[in-house]
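The values are calculated or read from the model by the stated rules, or taken from the named source; none is laboratory data. As the structure is a computational prediction, the values presented were derived from the model and not from experiment. Cβ placement follows ideal geometry from the backbone for every residue including glycine, while neighbour counts extend to all protein chains displayed. Accessible surface is based on the protein model in full, side chains and every heavy atom, while ligands, DNA and RNA are left aside. Shrake-Rupley method; radii C 1.70, N 1.55, O 1.52, S 1.80 Å.
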Amino acid sequence: MDILEWFTSHTSVRSFQEKQLSEQLKKQLIQAAQSGSSSNFVQAYSIIEVRNQEKLTEVEAIANFKGYGAEHGVFYLFVADLNRNYQIASHSNNNLEAFSSMESLLVSVVDTTIAAQNMALFAESQDLGICYIGGIRNDLFRIAELFALPKLTIPLFGLIIGYPNIKNEVKPRLFQEEIVKIDEYQEMDPLTLQRYDDVMNSYYQERTNHAQQANWSEKVQEHFKINRRPEVIHFLKHQGFDFFEKNN
Ligand SMILES: Cc1cc2nc3c(=O)[nH]c(=O)nc-3n(C[C@H](O)[C@H](O)[C@H](O)COP(=O)(O)O)c2cc1C
């Protein structure tokens with residue numbers, strides 16, 4: 001398969017075979033993750049492989065996914081991590097205030113996401129299936145406790161990787177003319193969006209699993225009806241990000 005073909009054949013996998021990944025393959029996955037770009041090369045992330053079945057069961061309950069289990073592959077918790085950098089910098093008289101800034105937070109979130117997506121793409125190139133699990137943020141305080149996460153760290157999402165049992169149909173993406181703006185921002189074109197909604201309507205109706213009557217705009221409206229996870233801001237504060245006070 002050529003590279004663009006396997007990029008565009010991505011679908012999240014939520015049903016895996018009972019088959020472990022070899023240690024060699026896991027090493028390669030980490031290698032792929034670490035090969036991504038990193039802002040100022042601060043490498044501000046950690047990756048926790050969750051092997052303990054009790055922890056995994058609790059994470060599954062928090063994140064509301066069921067039955068992947070350790071025997072179905074591997075669960076990595078991706079943690080935005082400025083703690084390592086902080087420990088290093090605190091050996092000298094650096095200005096440690098810089099760590100709790102919004103900018104540092106963004107840097108660590110971007111670094112972590114690049115690493116995860118590098119891992120995901122490599123995994124898919126090896127015919128593995130992946131699924132991000134943002135549901136871990138349903139209880140950030142408990143996740144931090146469960147994995148002994150120190151100050152200046154944030155668990156962002158899990159990434160499940162295993163051998164696919166069921167592969168869903170590819171979800172059509174927004175048209176390029178909607179995503180790509182030339183030279184300056186262009187407002188959304190309602191007609192382009194309508195065409196996309198028609199495509200998504202057919203996709204949702206015809207897909208093999210969880211067929212439903214919906215389109216993309218309706219999904220977006222539904223998603224943003226409520227302020228999700230309002231406690232995130234309290235968690236960030238707890239982890240040492242005090243930019244709220246500074247900026248107010
Ligand atoms: C950061 C992130 C968090 C996600 N969290 C979940 C999750 O908790 N549970 C889940 O089933 N899918 C989760 N997904 C998968 C998305 O639902 C999926 O990528 C999206 O619907 C597009 O479908 P596709 O990946 O099959 O193309 C997550 C994706 C991302 C990028």
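Place +1 on the Cβ of every Lys and Arg and -1 on the Cβ of every Asp and Glu in the chain, take the dipole about the Cα centre, and give the residue among A144, M200, N215 whose Cα lies farthest towards its positive end.
Projecting each Cα onto the dipole axis, the largest value belongs to A144.
Give me the angle, in degrees from 0 to 90, between the Cα long axis of helix 190-206 and the longest principal axis of the Cα atoms of the chain, rounded to the nearest 10.
80
When the gyration tensor of region 86-204 is built from Cα positions, what are the square roots of 5 times its three eigenvalues, in whole Å, from largest to smallest?
So the equivalent ellipsoid measures 36, 23, 14 Å along its semi-axes.
If you plug each phi of region 148-162 into the Karplus form 6.51 cos²θ - 1.76 cosθ + 1.60 with θ = phi - 60°, what whole-Hz ³J(HN,Hα) values come out, in order, with x for Gly and Pro?
Each residue's phi maps through the Karplus curve to give 6, 7, x, 3, 6, 10, 9, x, 8, 6, x, 9, 8, 10, x Hz.
Find me the longest stretch of the chain that has none of the exposed chymotrypsin sites (Phe, Trp or Tyr not before Pro), where exposed means in a DSSP loop (not H, G, I, E or B) with at most 12 other Cβ atoms within 10 Å.
Here the longest segment lacking exposed loop sites spans 1-184.
I need the calculated FRET efficiency for the pair V180 and L121, taking r as the beta carbon distance and R₀ as 30 Å, to the nearest 0.05.
Calculated transfer efficiency: 0.90.
In Å², and per residue, what accessible area does the chain have when probed at 1.4 Å with the other protein chains present?
Averaged over the residues of the chain, the accessible area is 59 Å².
Compute a Gaussian network model of the chain, connecting alpha carbons closer than 10 Å, and tell me which residue from V59, V220, V107 fluctuates the most.
V220
What distance in nm lies between label points placed 7 Å from Cα along the C-beta direction at A211 and N95?
6.1
Nearest 10 degrees, 0 to 90: what angle lies between the long axis of helix 102-125 and the longest principal axis of the chain (Cα atoms)?
The two axes meet at around 50 degrees.
Within the chain, what is the longest stretch that has no trypsin sites (Lys or Arg not before Pro) placed in a DSSP loop and near at most 16 other beta-carbon atoms within 10 Å?
67-150
If you roll a 1.4 angstrom probe over the protein chains with everything in place, what fraction of the accessible area of the chain belongs to carbon and sulfur, to the nearest %?
Percent of accessible area from carbon and sulfur atoms in the chain: 52.
If you bin the C-alpha pair distances of the chain every 10 Å from 0, what whole percents do you get?
For the chain, the binned pair fractions read 6, 24, 32, 27, 9, 1, 0 percent.
Once you keep just the Cα pairs under 8 angstrom separated by 6 or more residues, what percentage relative contact order results for region 3-168?
Answer for region 3-168 is 38 percent.
Picking from W6, S90, Q53, whose Cα lies most toward the positive end of the charge dipole for the chain (charges on Cβ: Lys, Arg +1; Asp, Glu -1)?
Checked the options; the winner is Q53.
Students often get this wrong: which residues of region 85-122 have the backbone nitrogen under 19 Å from the point 7 angstrom along Cα-to-C-beta of K27?
Counting only backbone N, you get 119, 122.
Could you give the dipole magnitude of the chain about its Cα centre, charging the beta-carbon of Lys and Arg +1 and that of Asp and Glu -1, in debye to the nearest 20?
680
How far, in degrees from 0 to 90, does helix 53-63 lean away from the longest principal axis of the Cα atoms of the chain, to the nearest 10?
Taking Cα atoms only, the helix is inclined about 70 degrees.
Tell me, what is the percent relative contact order of region 172-248, built from C-alpha pairs under 8 Å that lie six or more residues apart?
It rounds to 18 percent for region 172-248.
Based solely on its DSSP helices, what 222 nm [θ] is calculated for the chain when runs of n ≥ 4 H residues each add -39,500 (n - 2.57) and the sum is averaged over all residues, nearest 500 deg cm²/dmol?
After summing the helix terms and dividing by the residues of the chain, the value is -12500 deg cm²/dmol.
Along Cα→Cβ, 7 Å out, is where each label goes; now give me the distance between the ones at H223 and H10 in nm to one decimal.
That separation, rounded to one decimal, is 1.4 nm.
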